[in-house]
1. So, of the residues in the range 103-129 that are aliphatic (A, V, I, L, M) and out of contact with any strand residue (DSSP E or B) (no Cβ under 7 Å at 6 or more places or on another chain), which turns out to be surrounded by the fewest Cβ atoms within 10 Å (Cβ to Cβ)?
2. Would you be able to tell me the number of residues in the range 226-242 that are in contact with a strand residue (DSSP E or B) (Cβ under 7 Å, 6 or more places away or on another chain) and not in a strand (DSSP E or B)?
3. Output the residue which, of all residues in the range 166-187 that are of a type in the set (Gly, Ala, Ser) and closer than 16 Å to THR364 by Cα, is surrounded by the most Cβ atoms within 10 Å (Cβ to Cβ).
4. Among the numbered criteria (1) out of contact with any Lys or Arg (no Cβ under 7 Å at 6 or more places or on another chain); (2) at pLDDT 95 or above; (3) under 30 Å from ARG132 (Cβ atoms), which one does ARG225 miss?
5. Every residue in the range 172-195 that is among the charged types (D, E, K, R), assigned to a loop (DSSP other than H, G, I, E, B) and over 10 Å from ALA302 (Cβ atoms), please.
6. Could you list all residues from the range 243-253 that are touching a helix residue (DSSP H, G or I) at 6+ places or on another chain (Cβ under 8 Å) and assigned to a loop (DSSP other than H, G, I, E, B)?
7. Among all residue pairs at least 6 apart or on different chains, which show Cβ distances below 6 Å where the first residue, located in the range 59-84, is in the same structural domain as GLY100 (by TED's automatic domain parsing) and at negative phi and the second is in a loop (DSSP other than H, G, I, E, B) and among the charged types (D, E, K, R)?
8. Strands (runs of 3 or more DSSP E) wholly in the range 274-380 with at least 3 residues that are surrounded by 24 or more Cβ atoms within 10 Å (Cβ to Cβ) - which ones?
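The values are calculated or read from the model by the stated rules, or taken from the named source; none is laboratory data. All figures in this text were calculated on a predicted structure; none of them were measured in a lab. For neighbour counting, all protein chains shown are included, and Cβ atoms are generated from backbone atoms with ideal geometry for every residue, glycine included.
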Amino acid sequence: MSALGTGRRLLLVTNDFPPRPGGIQSFLYGIVSRLDPDDVVVFTSRWRDWQEWDAQQSFQVIRHDTEMMLPTTGVRKHAVEVFREHGCTDVWFGAAAPLGLLAPALRDAGAQRIIATTHGHEIGWGRVPGFRQALRRIADGVDVLTYLGEFTRARLATAIGPNINKLHRLAPGVDTEMFNPNVDGSVKRADLGWTDRPVVVCVSRLMPRKGQDVLVRALPEIRRRAGDVGLLLVGGGPARSKIERLVRDYGLLNDVHITGSVPFEQLPSWYRAGDVFAMPCRERANGLDVEGLGMVFLEAAACGLPVVAGRSGGSTDALLDGETGHLVDGTKPVEVAEAISGLLTDDDNARAMGAHGRVWVTETWTWDTVVEAFTGFVQT
């Protein structure tokens, strides 16, 4: 556990926190769970089964009475109340936009240091008049504005003007003990009846940006090139019904399985149920909807899988193209099929890429480094 320092107590203000699923949620929890539990209080929105989840945590969680918090008068008052009642000294906005607009109110309440973390959606904010001004206001009100990688830094720098000196890199770590190549995925495959077939796995929320629809469109060509391949989509989300229609339209009911949402602790075995990991994410809405980084690429690599990723925002930072996997145009099913089938038909290359990915993640994406950087932002 890392301590923030004598007399310091951090208030995390965020919508993105477990048991709500997602990459941002995992990122924030990865840091909070490694801090001294007496040094942090979480102020967040509600989600399914939140009471049971909160009761299992060693740190304190305060839930607003809605499933989504916006920077309204009611949320502002509640945040200030929690900050004061729990003796907090510092504030962290788990996602800079939009709740970072509450920074001035919390500064007035006594916050000494205010950190705001950006992901993918803030990049979109920086490109739209009005939202761009709001992002500038957020940057004005904080001491540190974090970014995931060079792509996000470049986009943010053009939007926040004189606040560029507040930009500092903070990317997620990977629990390489939890996500590792020795996890047994054979039971998952056996449960599907897929023990003897090659499997492409995608672990992600089912959302248009993530590109699961392109995987379905690419699957017939993958099967033509690489044999009786199954596609395993792990996760739930708003695009599920569209993807299920595509599966039916393509006659792939026996070759595509969608799990729906699964518990976080089961993710390693779902990754290891696959031979290749693929998520052909793509930019949408003229670049307003992009991938901030793509933790799933790193988790898959930690599990020893070769990775196929679409070029979208910061996804290019989450693999070494040609070494741990391949970058593709996520809008082109044929290109996606070529990259995936190439790995499925070349076992030696696939194993080498998976092994290289494991070493790279273990050496480069450690939680110890992430938490050390974060506590430095609070203490400086």
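1. Taking the candidates together, the pick is VAL128.
2. Final tally of qualifying residues: 3.
3. Looking at residues that are of a type in the set (Gly, Ala, Ser) and closer than 16 Å to THR364 by Cα, I get ALA171.
4. Evaluating ARG225 over (1) out of contact with any Lys or Arg (no Cβ under 7 Å at 6 or more places or on another chain); (2) at pLDDT 95 or above; (3) under 30 Å from ARG132 (Cβ atoms) leaves (3) as the failure.
5. ASP184 - this is the single residue of the range 172-195 that is among the charged types (D, E, K, R), assigned to a loop (DSSP other than H, G, I, E, B) and over 10 Å from ALA302 (Cβ atoms).
6. TYR250, LEU252, LEU253
7. ARG63/ARG46; GLU67/ARG46
8. 276-279, 307-310
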